[in-house]
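The values are calculated or read from the model by the stated rules, or taken from the named source; none is laboratory data. Quantities reported herein were computed from a predicted structural model and do not represent experimental measurements. Because the Cβ atoms are built from the backbone with ideal geometry, glycine has one as well, and the counts that use them run over all protein chains shown. To get the accessible areas, we keep the full protein, side chains included, count just its heavy atoms, and leave off ligands, DNA and RNA. Shrake-Rupley method; radii C 1.70, N 1.55, O 1.52, S 1.80 Å.
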Amino acid sequence: MPFDYAPAPESRSIVDIKPSYGLFIGGEFTDAKGGTPFKTISPATEEVLAEISQAGPSDVDRAVKAARTAYTQTWRRLAPAERGKYLFRIARIIQERSRELAVLESLDNGKPIRESRDVDVPLMAAHFFYYAGWADKLSYAGLGPDPKPLGVAAQVIPWNFPLLMMAWKIAPALAAGNTVVLKPAETTPLTALLFAEICQQADLPPGVVNIITGAGDTGRALVEHPDVDKIAFTGSTEVGRQIAISAAGTHKKLTLELGGKAANIIFDDAPIDQAVEGIVNGIFFNQGHVCCAGSRLLVQESVADEVISSLRRRLKTLRVGDPLDKNTDVGAINSAEQLGRIRKLSAIGEKEGAVRWSPPCDLPERGFWFPPTIFTEVSPSHRIARDEIFGPVLSILTFRTPDEAVAKANNTPYGLSAGVWSDKGSRILAIANKLRAGVVWANTFNRFDPTSPFGGYKESGYGREGGRHGLAAYLASNDGESA
Ligand code: NDP
């Protein structure tokens, strides 16, 4: 029997949400001259949290101009160690304001406070600390003796990890001497706007970081602006493709971090209890809204029954509900639109013959919710084995031999991540070498570290974020190339 838990809500009194927000351009919040404002809501309750400005083309232009001015007049001229000091200061403020950031992230995104508090915010601070250390050591990054910044970076991020994706984009860009204009996703703008306040608090020179809010059109206007030198995008493969087409033939340097359909491979000698925890973390962490989620479980046939029955037992103990409750494991789906997509693909799974199972769980009446779900009897041709569902839905396939596992794992247009569970180190290394995935986890899953590069093959995009490799995306490796 699972335990009963008394409610343990984190107080939201620490956050001060304003009724409406302007755009953060040139170090100040300014009114948008563009489109109609929109509302951001809490996906757990559908409560309206704030009114958000919609940046139009003239606002995008103002933001790019502010970034260009800051680049040429201040940031590029600053001694690298001074740039580093600003980044260290931002990292420390993130730590000081970590509870506020975590509560706001959970409110606007729907993710459990346990995750925003213990994963997103600490990793965000860690990225700023890590890249702060690089600011005055760029000549040791392996990119030539005197690598130069590119100029103005246009950065567009998704809604699944608003704070973390912002840190992945802004920290290396600034450390390398670039200035940025960042657009958060339409459904999760609040923590980016709080980060703008943190930039003010850190006395960051005006225009080094600009945050503009809006929908897809704002993102398009930003990446298509002729005066940006670098585009960094995380989101769907479809939009990534459009951006690649629009940037082709221009001077803009591009990195794309797109979708995934990762295989999590369990061999018969794996420690089953640990593997089950890894499976749960792989697909139910952050409601499965994770580009590198282990959404395809490949389990060796001889242990499949044991793994699946342990997994079912474990899923019955997951607590789904209020993201601000400290006992919650699985929070709300980020938007009605995303919920619709998950429902549609799950229905297709059933229609194509896979067998669907969810543990009994009471879902709240308001808000966007989907229970943890597993599909068995899945074949590699099923849509749920091929398409990114981006929700708490696991497709389970079996295999007999290591070669079959590798063939099935690589049978996907994506190539972002994979997991291998086995007692034998030699087997892990042999399999990892054959997997076409940017990140391969061994006897663990969804582990992130700022020193470790992250990125994909094939339709999962190109370029790397994180680590020393993440600097390459923001530097021109020979002396003459800087903007
Ligand atoms: P999108 O790719 O549409 O959104 C990602 C970001 O790009 C958002 O900030 C979005 O703005 C912006 N954007 C949208 N259109 C354009 C454009 N033409 N030019 C520039 N920027 C643009 O993802 P969705 O939110 O629509 O999610 C769709 C699917 O994509 C999900 O179901 C999931 O499968 C996948 N996805 C993958 C992610 C990953 O980490 N790899 C992250 C998010 C989604 P706005 O939010 O206003 O639309």
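A few notes on this one:
- Positions within the range 79-103 being open to solvent by less than 10 Å² (accessible area, probe 1.4 Å) and either over 30 Å from Asp325 (Cα atoms) or outside any helix (DSSP H, G or I) (or both), in sequence order: Gly84, Leu87
- Neighbours by Cβ (under 6 Å, 6+ apart or cross-chain): first from the range 212-227, within 19 Å of Pro37 (Cβ to Cβ); second near the ligand (Cβ under 6 Å from one of its atoms) and acidic (Asp, Glu): Ala215/Glu186
- Some residue of the range 191-198 being within 12 Å of the ligand (Cβ to nearest atom) and over 30 Å from Leu311 (Cα atoms): yes
- Just one residue in the set Ser53, Ser106 is outside any strand (DSSP E or B) and closer than 26 Å to Leu164 by Cβ; that residue is Ser106.
- Number of residues in the range 386-437 that are among the small types (Gly, Ala, Ser) and assigned to a strand (DSSP E or B) equals 4.
- When we screen Asp387, Asp449, Asp403 for residues that are without any contact (Cβ under 8 Å) to a residue 40 or more places away in the chain and of a type in the set (D, E, K, R), the only hit is Asp403.
- Residue count for the range 470-483, restricted to those that are modelled with pLDDT of 95 or more and open to solvent by 50 Å² or more (accessible area, probe 1.4 Å): 0
- Hits in the range 231-245 (condition: part of a strand (DSSP E or B) and either more than 7 Å from the ligand (Cβ to nearest atom) or open to solvent by 60 Å² or more (accessible area, probe 1.4 Å) (or both)): Ile231, Ala232
- All of Leu123, Leu143, Leu163, Leu101 fail the test of being at pLDDT below 95 and out of contact with any Cys (no Cβ under 7 Å at 6 or more places or on another chain), apart from Leu143.
- Scanning the range 29-78 for residues that are charged (D, E, K, R) and open to solvent by 60 Å² or more (accessible area, probe 1.4 Å) gives Asp31, Lys33, Lys39, Glu46, Glu47, Glu51, Arg62, Lys65, Arg76, Arg77.
- Verdict on Thr444 being open to solvent by less than 40 Å² (accessible area, probe 1.4 Å) and more than 16 Å from the chain's Cα centre (by Cα): yes
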